[in-house]
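Notes to accompany the following structure.
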Amino acid sequence: MAGCRSPELGQEQINVWVVADGKTQQVQVQAGSTAGQALEAAGLDVSNLDKSDPPAYTVLSDGDEIRLTRVREEFVTEEVTIPSRDRSPATNRCPKARPAWCNPVSAACKN
């Protein structure tokens, strides 16, 4: 099962490039470090939505480049009034000839 083990961090240092937030910086990390560890060593706060290439779990080699793409999630709520064709906007009552959807039990349909 030696192939399934994580590589051990060594004493040797490697240099990797980190590209994030419009800047490129060289970071020195221990051999066997992951992309996520290199991003942390670069002083970057990485959110759950952000994407790194290669992925954060990737073990790095000397000279590798990591690109961090920031992702922001935004929700917009918009209220829109949908005009009704079957009810008079002034009285909110059903027309005299009641369509099938207008149940006489409904308060809006009592003329």
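No value in this document is a laboratory result; all are computed from the given coordinates. Since this is a predicted model, take the numbers as computed values, not measurements. Reconstructed Cβ throughout: ideal geometry from the backbone, glycine too, with neighbour counts over all protein chains shown.
Remark on T58: its backbone amide H falls under 5 Å from those of A35, G36, a criterion applied only to residues 5 or more positions apart or on other chains, H modelled at 1.01 Å from N. The relative contact order of region 7-69, computed from alpha carbon pairs under 8 Å that lie at least 6 residues apart in sequence, is 40 percent. Spin-label model, Q28/S61: points 7 Å from Cα along the beta carbon direction are separated by 2.2 nm. Remark: region 20-28, residue by residue, has Karplus-estimated 3J(HN,Hα) of 7, 6, x, 10, 10, 9, 8, 10, 9 Hz, where x stands for each Gly or Pro and the curve is 6.51 cos²θ - 1.76 cosθ + 1.60 at θ = phi - 60°. Under the simplified labelling scheme, the A41-T77 pair shows an inter-label distance of 4.5 nm, with each label point 7 Å from Cα along Cα→Cβ. Backbone amide hydrogens, once placed in the peptide plane, bring A31 within less than 5 Å of G10, E12, Q13, I14, excluding anything fewer than 5 places away on its chain. Annotation: amide H of D50 within the under-5 Å range of V71, sequence separation 5 or more or interchain, hydrogens built in the peptide plane. The calculated P(r) of region 7-69, using every Cα pair and 10 Å bins from 0, goes 25, 60, 15, 0 in percent.
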